[in-house]
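Heads up: the structure comes next, in structure tokens.
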Amino acid sequence: MTNKAKGLVVLLVAVMVLGLSQFALADDITIGASLLTQQHPFYVQLKQAMEKAADDNGVELIVSIANQDLNKQISDVEDFIVRGVDAIVLSPVDSKGVVGAIIKAKRAGIPVITVDISAEGVEVDAHVATDNYYGGRIAGETMAKVLNGKGQVAIIDYPVVQSVRDRVAGFKEAVSKYPGIEIVAIQPGITRPEALNTAQNILQAHPEVDGIFGFGDDAALASVVAVKSAGMEDDVKVIGFDGMEEARNAVKKEESFVAVVCQYPGEMGRLGLETALRVIKGEKVEKEIPVLPGLFTKEGEQKKVVLD
């Protein structure tokens, strides 16, 4: 074999080894994801989008479901650390309660990306979420519009979750511009049964209430049931947040359900996985990656809502 031929063989082998090593590197990437729940269509869509993005990018995705249990989520994150995953995608059960687990992951050199719900009191590598404050403002402006700028309003809340606090803050900011609107109650109602009980209590304590803002689809749908049961469909307007199919259908059918702010969980799931992969590869990413919400009313969907 000539020296030139030998050189070509060596070059070919080097290219093959390099290609195999790159393939192995991609194939060896593992991302752990701890998601809030799978009892809500929003998180079902988010999980499916993450799984598709993982398949598309050739990485392994391990998903654990916290079922709204902080202790389980902490245990799941600790398990990811022990397994040596390359990154963790997290939708916190409790924005403050998950801080210790995130710190442990960061000390182990594992980047953390939060999706949908942010962590409070600790820095993560990136946060991918709906612009919840802006969505709250959309809900507030919509409520003011349907009430013609005056009336009593109640809020069903989920106060331990930062994203919900942002929604409520945005809602308050929007209605504060209308002197004729008064917020008469802010009460928690995390699950649909709890929200139903909360809505019933609000209607009993404030029979003159004109509107209810539910922090999520379950809270809004429960409020619609309570309003209907109380025979107050002509009097009380309900606005929700999330915009999954059940809520959209209810907006079409139920008189009291006038609008729902729409999130796009598929986009969030894809961006969450792809952002984690970019961080693993050492690429620079934005700390805040917002996904703008839309609005669904009886007239249909508005994907881009411009506020003053």
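Here, each number is a calculation from the coordinates, and none is a lab measurement. Here the structure is a predicted model, which is why all the values come from computation and not from measurement. Counting neighbours? That spans all protein chains shown, and the Cβs are built from the backbone with ideal geometry, glycine included.
Using a Gaussian network model of the chain in which every pair of alpha carbons under 10 angstrom is joined by a spring, one finds that among GLU283, GLU208, GLU267 the greatest mean-square fluctuation is at GLU283.
Please get the size of the charge dipole for the chain, origin at its Cα centre, with Cβ charges of +1 on Lys and Arg and -1 on Asp and Glu, quoted in debye to the nearest 20.
With Lys and Arg at +1 and Asp and Glu at -1, about 780 debye.
The angle between the Cα long axis of helix 217-229 and the longest principal axis of the Cα atoms of the chain comes to about 20 degrees, rounded to the nearest 10. Enclosing the Cα atoms of region 164-308 in their convex hull gives a volume equal to 133 cubic angstrom per residue.
What per residue convex hull volume, in Å³, do the alpha-carbon atoms of region 52-148 yield? Intermediate results must be reported in sequence, preceding the final value.
Details: hull volume 12.9 nm³, N = 97.
Taking the convex hull of the Cα positions in region 52-148, it is 133 Å³ per residue.
Ellipticity at 222 nm from helices only: DSSP H runs of n ≥ 4 in the chain, each -39500 (n - 2.57), divided by the residue count, give -15500 deg cm²/dmol. Rounded to the nearest 0.05, the FRET efficiency derived from the C-beta distance between GLN302 and GLU267 at R0 = 25 Å is 0.95. In whole percents, the pair-distance distribution calculated for the chain from its alpha-carbon pairs, binned every 10 Å from zero, is 6, 26, 28, 19, 11, 5, 3, 2, 1, 0.
Excluding same-chain neighbours fewer than eight residues apart, the lysines reachable from LYS284 by a Cα-Cα span under 29 Å are LYS47, LYS52, LYS96, LYS104, LYS106, LYS303, LYS304.
First measure r as the distance between the Cβ atoms of LYS145 and GLN68, then evaluate 1/(1 + (r/R0)^6) with R0 = 35 Å and state the FRET efficiency to the nearest 0.05. Kindly include the intermediate steps, with their values, before the conclusion.
Values: r = 33 Å, r/R0 = 0.95.
Calculated transfer efficiency: 0.55.
Indicate the gyration tensor shape class of region 94-152 (rounded, prolate or oblate), computed on the Cα atoms with a ≥ b ≥ c the square roots of the eigenvalues: a/c under 1.5 is rounded; otherwise a/b larger than b/c is prolate and the rest oblate. Walk me through the numbers on the way to the answer.
Details: a/c = 6.35, a/b = 3.30, b/c = 1.93.
It is prolate, given that a/c is not under 1.5 and a/b is the larger ratio.
With a cut-off of 11 Å between beta carbons, the residues surrounding GLY151 carry a summed charge of -2, where Lys and Arg count +1 and Asp and Glu -1.
Count charges around ILE289 for me, please; just the other residues with Cβ under 12 Å from its Cβ, Lys/Arg as +1, Asp/Glu as -1.
Values: positive: ARG270, ARG278, LYS287; negative: ASP116, ASP125, ASP131, GLU267, GLU274, GLU286, GLU288.
Local charge sum for ILE289: -4.
For region 143-182, the calculated P(r), taken from all Cα-Cα distances in 5 Å bins from zero up to the bin holding the longest distance, is 6, 24, 30, 19, 13, 7, 0 percent. Residue separation of SER176 and ILE103 scaled by 0.36 nm, minus their Cα-Cα distance, works out to 22.5 nm of gained length.
Once both labels are positioned 7 Å from their Cα atoms along Cα-to-Cβ, the gap between GLU233 and LYS284 label points is 5.7 nm.
Listed by chain and number, the lysines whose alpha-carbon sits under 17 Å from that of LYS228, ignoring those within fewer than 8 places in the same chain, are LYS237, LYS252, LYS253.
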